[in-house]
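Chemist: I'd like to ask some things about the structure below.
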Amino acid sequence: MTPRHRALLTLACAAQFMVVLDVSIVNVALPSIQADLRVSPAGLQWVVNAYALPFAGLLLLGGRLADVCGLRRVFVLGLALFTLASLAGGLAGAQGPLIAARAFQGLGAALLAPATLTVLTTAFAEDVRPRALAAWTAVGLAGGTAGNLAGGVLTEALSWRWILLVNVPVGALALLCSGLLPDGRGERRRLDVPGAVLATAGVASLTYGVTRGWNAPALAGGAAALAAFTVLQSRARHPLLPLRLLRIRTVAAGNAAMLLAGACLNPMWFFLALSMRNVLHLSALQTGLGFLPHTLLTMAVVLRVTPRLMKRAADRTLIAAGALIAAAGFLWQSRLSPGGAYLPDVLGPAILISAGGGLLGTPLTAAVTSGVPPGDAGAASGLMNTAKQMGAALGLAVLATVAVDYSDAFLAMAALLIATAATARALLPARPGRDRVRPAPARHPSA
């Protein structure tokens with residue numbers, strides 16, 4: 001990997017880390033925000049949802065914009081919007097401005113997240129791409145865990161405002177380095193505005209309906225909007241989501257597996273945090289520190305083990321094996337009960353969950369983006385991120401509804417991972433990792 005590639009990878013990973021971090025970093029700080037700004041209980045929920053809704057709803061649009069307008073332009077726009085919104089949120093003196101700032105953060109994140117993946121799929125050659133994807137995957141996993149810990153540390157040591165202000169220097173430095181990105185001016189196609197409206201309305205409505213306790217009108221409206229979006233895409237001259245992508249076996253099957261995996265690996269943090277607090281009676285700081293082994297073990301597997309295995313085994317084999325290992329960890333985790341202890345009842349299962357999750361993440365990302373033409377790379381990235389976010393939202397809502405206790409939730413996660421393994425084995429091609437379909441040459445060979 002050349003110095004330029006390392007710089008590009010660092011830039012993409014830094015941006016992705018900020019996006020994922022801000023999904024969870026506010027959770028621990030919510031009581032402090034409520035006391036300082038006198039936020040109502042309903043308003044407190046919107047401090048979280050104001051970020052999640054535009055983020056999930058606009059991912060498809062953000063991914064396609066990189067194809068149409070150029071990767072660097074969209075990356076810089078998303079990063080600048082995210083950074084300025086973080087500054088505005090950190091300085092907010094009332095509930096309304098804070099919620100508005102979080103919404104603009106979500107908009108910036110929706111532009112930025114697909115662009116970070118598109119950097120890797122278009123600027124890195126096939127021989128180094130698995131290592132780059134492994135680093136990107138590890139950073140995303142670390143960001144989700146670090147959010148809970150960083151939120152607690154920053155709130156206690158400084159102020160809740162620093163959970164947002166910490167993004168400003170990182171974002172400013174990333175903007176200064178954005179000249180490293182391929183200049184790419186896009187393909188000068190018209191943007192599918194009706195498709196963008198329907199996709200955004202559909203995904204946002206479904207996400208809202210799920211997060212608001214299965215709100216029937218929102219769910220029905222979201223489903224109708226996505227049905228109309230599908231019909232429109234089949235007829236559009238320049239579709240937001242080219243349906244030809246779904247005819248690529250790895251893309252269709254990979255996104256199905258991504259949805260299933262996201263429905264358990266993301267909500268895991270919510271249920272595990274509650275079980276450590278309410279069952280083992282750990283403090284907030286102890287709970288945050290309790291997630292460190294998950295992060296460190298996952299990153300070790302993602303960075304050191306998975307790239308080597310991807311040279312020797314098919315993507316579907318690694319995905320299925322990782323899903324089954326993690327499923328065994330969740331079965332073990334379901335035995336957690338009052339009177340238990342951290343080492344045998346959390347750290348033990350964490351070894352299996354982290355090893356399995358670390359093993360499946362990178363080949364799943366590689367499968368979803370495999371064989372995609374460069375002109376559709378942004379759309380494929382947006383689709384993958386949307387599948388992951390929708391899986392997380394649906395998984396949390398379903399598990400919270402059907403689980404009588406934490407044990408039931410962990411058992412359901414094990415079942416979802418078994419389904420993920422079955423999907424990967426049945427639908428993904430049995431192609432060795434080293435023989436993946438190679439996309440056409442990238443538009444920006446200078447990168």
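Chemist: Among the listed residues Arg335, Arg304, identify the single one that is of a type in the set (D, E, K, R), more than 21 Å from Ala421 (Cβ to Cβ) and assigned to a loop (DSSP other than H, G, I, E, B).
Modeler: On the way: Arg304 fails: assigned to a loop (DSSP other than H, G, I, E, B).
Answer to the selection: Arg335.
Chemist: Sticking with this one: Of the residues Val20, Val48, Val26, which single one is under 20 Å from the mean Cα position of the chain (by Cα) and not in a helix (DSSP H, G or I)?
Modeler: Details: Val20 fails: not in a helix (DSSP H, G or I); Val48 fails: not in a helix (DSSP H, G or I).
None of the others qualify; the one that does is Val26.
Chemist: If you don't mind, another one. Kindly evaluate Thr317 against the criterion of being over 29 Å from Leu149 (Cβ atoms), in a helix (DSSP H, G or I), polar (S, T, N, Q) and in the same structural domain as Ser370 (by TED's automatic domain parsing). Before the answer, list the steps.
Modeler: Values: over 29 Å from Leu149 (Cβ atoms): yes; in a helix (DSSP H, G or I): yes; polar (S, T, N, Q): yes; in the same structural domain as Ser370 (by TED's automatic domain parsing): yes.
Here the answer is yes, as Thr317 does meet what is asked.
Chemist: Only one residue in Leu289, Leu272, Leu240, Leu282 is assigned to a loop (DSSP other than H, G, I, E, B), closer than 20 Å to Asn27 by Cβ and of a type in the set (A, V, I, L, M, F, W, C), so which one is that?
Modeler: On the way: Leu289 fails: assigned to a loop (DSSP other than H, G, I, E, B); Leu272 fails: assigned to a loop (DSSP other than H, G, I, E, B); Leu240 fails: closer than 20 Å to Asn27 by Cβ.
Of the residues listed, the single one that is assigned to a loop (DSSP other than H, G, I, E, B), closer than 20 Å to Asn27 by Cβ and of a type in the set (A, V, I, L, M, F, W, C) is Leu282.
Chemist: List the pairs whose first member sits in segment 10-32 and is farther than 14 Å from Pro114 by Cα, whose second member is of a type in the set (Lys, Arg) and buried (at least 21 other Cβ atoms within 10 Å of the Cβ), and whose Cβ atoms are under 9 Å apart, counting only residues at least 6 apart or on separate chains?
Modeler: Close Cβ pairs (under 9 Å, with a partner that is of a type in the set (Lys, Arg) and buried (at least 21 other Cβ atoms within 10 Å of the Cβ)) amount to Asp22/Arg102; Val26/Arg102.
Chemist: What number of residues in segment 249-266 are crowded, with 19+ Cβ neighbours inside 10 Å and more than 17 Å from Leu360 (Cα to Cα)?
Modeler: Number satisfying all stated conditions: 0.
Chemist: If you go through segment 313-351 one residue at a time, how many are of a type in the set (A, V, I, L, M, F, W, C), more than 16 Å from Asn266 (Cα to Cα) and in contact (Cβ under 8 Å) with a residue 24 or more places away in the chain?
Modeler: Total meeting the criteria: 15.
Chemist: Does segment 261-276 contain any residue that is modelled with pLDDT of 90 or more, out of contact with any Asp or Glu (no Cβ under 9 Å at 6 or more places or on another chain) and not hydroxyl-bearing (Ser, Thr, Tyr)? I'd like the intermediate steps shown before the answer.
Modeler: So the first thing to find is which residues in segment 261-276 are modelled with pLDDT of 90 or more, and the list is 261.
Cutting the leftovers down to out of contact with any Asp or Glu (no Cβ under 9 Å at 6 or more places or on another chain) gives us 261.
Next, from what is left, pick out any that are not hydroxyl-bearing (Ser, Thr, Tyr): 261.
Yes, some residue in segment 261-276 is modelled with pLDDT of 90 or more, out of contact with any Asp or Glu (no Cβ under 9 Å at 6 or more places or on another chain) and not hydroxyl-bearing (Ser, Thr, Tyr).
Chemist: Restricting to segment 388-430, and then to whatever is outside any helix (DSSP H, G or I) and over 15 Å from Gln333 (Cα atoms), can you tell me which residue is modelled with the lowest pLDDT? Write out each step before concluding.
Modeler: Initially, segment 388-430 is screened for residues outside any helix (DSSP H, G or I), giving 403-405, 428-430.
With the extra rule that they be over 15 Å from Gln333 (Cα atoms), the set shrinks to 404, 428-430.
On the way: Val404: 69, Leu428: 76, Pro429: 72, Ala430: 66.
Out of the qualifying residues, it is Ala430.
Chemist: Kindly evaluate Val119 against the criterion of being modelled with pLDDT of 80 or more and either buried (at least 24 other Cβ atoms within 10 Å of the Cβ) or within 22 Å of Val68 (Cβ to Cβ) (or both).
Modeler: On the way: modelled with pLDDT of 80 or more: yes; either buried (at least 24 other Cβ atoms within 10 Å of the Cβ) or within 22 Å of Val68 (Cβ to Cβ) (or both): yes.
Considered against the rule, which asks whether it is modelled with pLDDT of 80 or more and either buried (at least 24 other Cβ atoms within 10 Å of the Cβ) or within 22 Å of Val68 (Cβ to Cβ) (or both), Val119 comes out as yes.
Chemist: Taking helices (runs of 4 or more DSSP H) that fall entirely within segment 88-166, which contain at least 2 residues that are closer than 19 Å to Val302 by Cα and not aliphatic (A, V, I, L, M)?
Modeler: Working: elements: 95-123, 129-157, 162-165.
It comes to 95-123, 129-157.
The values are calculated or read from the model by the stated rules, or taken from the named source; none is laboratory data. The shown structure was predicted, so the numbers you read here are calculated from the model rather than taken from an experiment. Backbone-built Cβ (ideal geometry, glycine too); neighbour counts: all protein chains shown.
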